Amino acid sequence: MSRVVVVGAGVGGLAAAARLATSGHDITVCEQAPQVGGKLGRHERLTAAGRFRFDTGASLLTLPQVFADLFQQTGDPIESVLELSEVEPIIRYRFADGTRLDSTTNPDLLRARLDAAFGPGAGSDWQRLTQRGERIWRSVRGPFLGSTVDGLTGLARQAVRLRSVCAFTPGRTLRQLGARSLRDPRLRTLLERYATYTGSDPRRAPAALAVVPYVEQAFGAWYVRGGLHRLADALHDRVTARGGTVRTEADVVRIETAGGRVSGVQLADGGRLPADVVVANADARHVYRDLLPQPRLLRRARRAVPSLSGFVMLLGVRGRTPGLAHHNVLFPDAYDPEFDAVFGDPAAPVADPTIYISSPDDPAVRPDGHEAWFVLVNAPRHGRGPGAVNWDSPELAGSYAGRLLGLLARRGLPVTDRLLFSEVITPADLARRTRAPGGAIYGASSNGPRAAFLRPGNRSPVPGLFLVGGSAHPGGGLPLVALSAEIVAGLIGPA
Ligand SMILES: Cc1cc2nc3c(=O)[nH]c(=O)nc-3n(C[C@H](O)[C@H](O)[C@H](O)COP(=O)(O)OP(=O)(O)OC[C@H]3O[C@@H](n4cnc5c(N)ncnc54)[C@H](O)[C@@H]3O)c2cc1C
């Protein structure tokens, strides 16, 4: 049995802790924030009308099988602790010219809707593209579907193949793939949106990301009743049920070493926890810069382009909005200025961004006759250097929120007159709450053909130190961070 300290109670840290506790290790999770979940955050607001509950991070769960496996392999099945439901349509898209599209897991229906929205042939164009995504998926699906994985060696091997797939399309970007395969420019916009789900710029992200729309359409989008953050609570409970300890407001300031390997962690309150193994769920750049300074490893971690960040508004809305689905995406006239602003140097808040709204029709998250809107637009990360924006500048957050409300009205969703309240979370807020450098949503982006190789591996060169979560292999997003936890638990092995 090893004494394992997990630094951070994000989904990756909790999932690793649940697996390691189940395999007999002595687990302590240290989380600096007052609650668990990290970027899978939550926010509550009590009003005279009743209680609003928001997810402040992830709002769309793909590949729920990854979590079903996690719960199954660490105790009771997921159904015994969480109520999952499939969301249909997956996303309601509105394009600048007024065209609408409801995406769905039903391939025939999707094809018909694409033809109706974009003209004959659009459905088959899209189908050919997602067939390509399917071929990529078939070569990487082992790590995702537990039942097809033959042991942990197989798992690690499969995870390496994920990197190989990205490397096998050198020089071809997602944009180039769209330009070759999709005749309608609006369909190309739709494809490019998927690059942002890995925090990336479609003009630089590899064509292999065509796997993302395939996965979404093949396996659907899922919701957890009460909010996706309940997943973090359920993981917390699983860790403690398996004998692990989770400490919140336990800020790790140092990972200690002795005799060339990790020996424990130091806490901000002066406490010290001895450890044989440390699993860092904190961002790799925070780890190698602040917790265990390693200039060479920090330089390497910094070679990966950070993921984009997000500007979030939480809106309490009176009444019900006709035509609003659970997940909605409102595209602007032109997409390129968004990527120029987010990844450019200088970077800037996006003047006319794509707007995403999640409004779950779940009585557990909004009072009767009301809606709880989570509004997200892509944003440059927070900072003062090149490629970043100082989101703490006076007036910036308020004026940008006002601008977004105006854009919502122009795109057919006027909401100002029905607002009970509005709160914002800037990239700077996200950085402070979760210690994600600059508020990067997904850790490192997939910008560039070698991006998958630049992400730090799960086994650190420092003996006894492992990395789990979005900044490490295989990347960000809920299913991938859960997969990174499975890889780390496999590398550490049973007690
Ligand atoms: C706005 C937004 C929207 C998103 N939408 C989606 C979506 O729809 N679907 C999807 O799949 N994914 C989405 N994501 C991404 C997804 O939420 C993340 O990839 C995932 O939750 C990250 O998990 P993680 O394990 O990497 O850890 P994180 O959530 O980054 O957690 C790391 C934890 O470590 C803690 N920590 C850091 N340093 C220390 C320290 N020194 N001491 C103690 N604790 C420390 C932090 O406080 C934090 O709790 C979204 C994210 C955001 C922010």
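The values are calculated or read from the model by the stated rules, or taken from the named source; none is laboratory data. These numbers were taken from a predicted model, which means no experiment stands behind them. Neighbour counts run over all protein chains shown; Cβ positions are idealised from the backbone, glycine included. SASA here: full protein model, heavy atoms, side chains in, ligands and nucleic acids out. Shrake-Rupley method; radii C 1.70, N 1.55, O 1.52, S 1.80 Å.
Tabulated data
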| read-out | value |
| --- | --- |
| Subset of region 352-370 that is assigned to a strand (DSSP E or B) and open to solvent by less than 10 Å² (accessible area, probe 1.4 Å) - its residue that is nearest to the ligand (Cβ to nearest atom) | 358 |
| Hey, residue 406 outside any loop (DSSP other than H, G, I, E, B) and within 14 Å of the ligand (Cβ to nearest atom) or not | no |
| Pairs, first within 22 Å of residue 480 (Cβ to Cβ) in region 30-55, second among the basic types (Lys, Arg) and near the ligand (Cβ under 8 Å from one of its atoms), C-beta under 8 Å, six or more apart | 33/433; 41/433 |
| Members of region 88-113 found to be among the acidic types (Asp, Glu) and closer than 27 Å to residue 409 by Cβ, listed by number | 97, 102 |
| All positions within region 39-84 that are more than 10 Å from the ligand (Cβ to nearest atom) and assigned to a strand (DSSP E or B) | 42, 43, 44, 45, 46, 47, 50, 51, 52, 53, 54, 84 |
| Options 432, 410, 418, 384: the member that is open to solvent by 50 Å² or more (accessible area, probe 1.4 Å) and within 22 Å of residue 281 (Cα to Cα) | 432 |
| Scope region 24-56; condition more than 23 Å from the chain's Cα centre (by Cα) and open to solvent by 40 Å² or more (accessible area, probe 1.4 Å); matching residues | 26, 45, 46, 48, 49, 51 |
| Every residue from region 371-385 that is part of a loop (DSSP other than H, G, I, E, B) and charged (D, E, K, R) | 381, 384 |
| Residues within region 85-95 that are within 12 Å of residue 60 (Cβ to Cβ) and assigned to a strand (DSSP E or B), tallied | 2 |
| Residue tally, condition within 13 Å of residue 236 (Cα to Cα), open to solvent by 10 Å² or more (accessible area, probe 1.4 Å) and more than 9 Å from the ligand (Cβ to nearest atom), over region 2-20 | 1 |
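Residues checked against (1) away from the ligand (no atom under 14 Å from the Cβ); (2) among the β-branched types (Val, Ile, Thr); (3) within 23 Å of residue 338 (Cα to Cα):
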| residue | (1), (2), (3) |
| --- | --- |
| 389 | yes, yes, yes |
| 425 | no, yes, yes |
| 433 | no, no, no |
| 446 | no, no, yes |
| 469 | no, no, no |
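For (1) surrounded by fewer than 19 Cβ atoms within 10 Å (Cβ to Cβ); (2) over 24 Å from residue 63 (Cβ atoms); (3) modelled with pLDDT of 90 or more, each residue gets a yes or a no:
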| site | (1), (2), (3) |
| --- | --- |
| 118 | no, yes, yes |
| 146 | yes, no, no |
| 153 | yes, no, no |
| 160 | yes, no, no |
| 176 | yes, yes, yes |
| 194 | no, no, yes |
